Amino acid sequence: MKIALLEDDLAYAETIQDWLQEANFEVDHFKTGLEFLRKFSHSQYDLCIFDWALPDMEGPDVMVSIKLKSNNLPPIIFFTGRSEEEDIVRVIESGADDYIVKPASRPILLARINALLRRTNPKPSVDVSYEYGSLKVDAKQRVAMLDGEEVKLTDKELDLALYFLKNEGMLLSRSHLMNVVWGASSEIETRKVDVHVSHLRTKLKLTPENGWKLTSIYQQGYRLERNV
């Protein structure tokens, strides 16, 4: 997922970029409205985050400008220091999908982004199954089978297994797994990921002798690979 961040406060922008990149988003940062408009004409984003007050123009004016350039706009979230009702009404009526009053917290920002992406990119009905040798995980029936026998998994363990299989070979950070599986991003709670991954490795026998590597990457996250 690629996000455009339009924010002229460089220190604040750097913080937001770090949060988004830790959550596995790709981020392009722009300091002025004109800089963004030049790039937007030949680049596609899944979501935009605009500051209200910019050095050269106001964020709502940038939004109106890109509406003239494209009929297929990405969802837009506004950062604003203004909490007056008329200002918020102006942003929403201009076409914004959401707004966050500064200063934003990391959990709230990521929750708003994920909620907005879920609304604008609804998932198709889940009917996928993953089958590798003796292991089969069926998303529709929500059941895991190993050597023809059902493996008892909790709902979160099953969600985690499906996400690992869907993203086989990819490095997935703990914070990202917390976001997509638990819908939370607290650093304290990432211990939950370690515990569930350990259970999953044992229950589904995700070990080299069974053709799998579920590897913990120090200070980064986990990667599931087939050991062929």
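The values are calculated or read from the model by the stated rules, or taken from the named source; none is laboratory data. Since we're looking at a predicted model, the values are computed, not measured. In this analysis, Cβ positions are derived from the backbone assuming ideal geometry, glycine residues included, and neighbour counts consider all displayed protein chains.
Key figures
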{"quantity": "Residue within segment 205-227 that is within 24 Å of residue 20 (Cβ to Cβ), at pLDDT 90 or above and outside any strand (DSSP E or B) present", "calculated": "no"}
{"quantity": "The listed residue being over 26 Å from residue 118 (Cβ atoms) and of a type in the set (A, V, I, L, M, F, W, C), out of 146, 200, 165", "calculated": "146"}
{"quantity": "Qualifying residue in segment 17-27 (condition: farther than 25 Å from residue 115 by Cβ and either at pLDDT 90 or above or buried (at least 18 other Cβ atoms within 10 Å of the Cβ) (or both))", "calculated": "no"}
{"quantity": "Qualifying residue in segment 114-131 (condition: in the same structural domain as residue 25 (by TED's automatic domain parsing), without any contact (Cβ under 8 Å) to a residue 60 or more places away in the chain, in contact with a Lys or Arg (Cβ under 8 Å, 6 or more places away or on another chain) and part of a helix (DSSP H, G or I))", "calculated": "no"}
{"quantity": "Elements of type strands (runs of 3 or more DSSP E) contained in segment 1-110, each with 1 or more residues being touching a His at 6+ places or on another chain (Cβ under 8 Å)", "calculated": "2-6"}
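Rundown of residues vs (1) among the hydrophobic types (A, V, I, L, M, F, W, C); (2) under 19 Å from residue 120 (Cβ atoms), yes/no style:
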residue: 4; (1), (2): yes, yes
residue: 16; (1), (2): yes, no
residue: 26; (1), (2): no, yes
residue: 31; (1), (2): no, no
residue: 37; (1), (2): yes, no
residue: 40; (1), (2): yes, yes
residue: 64; (1), (2): yes, no
residue: 88; (1), (2): yes, no
residue: 102; (1), (2): no, no
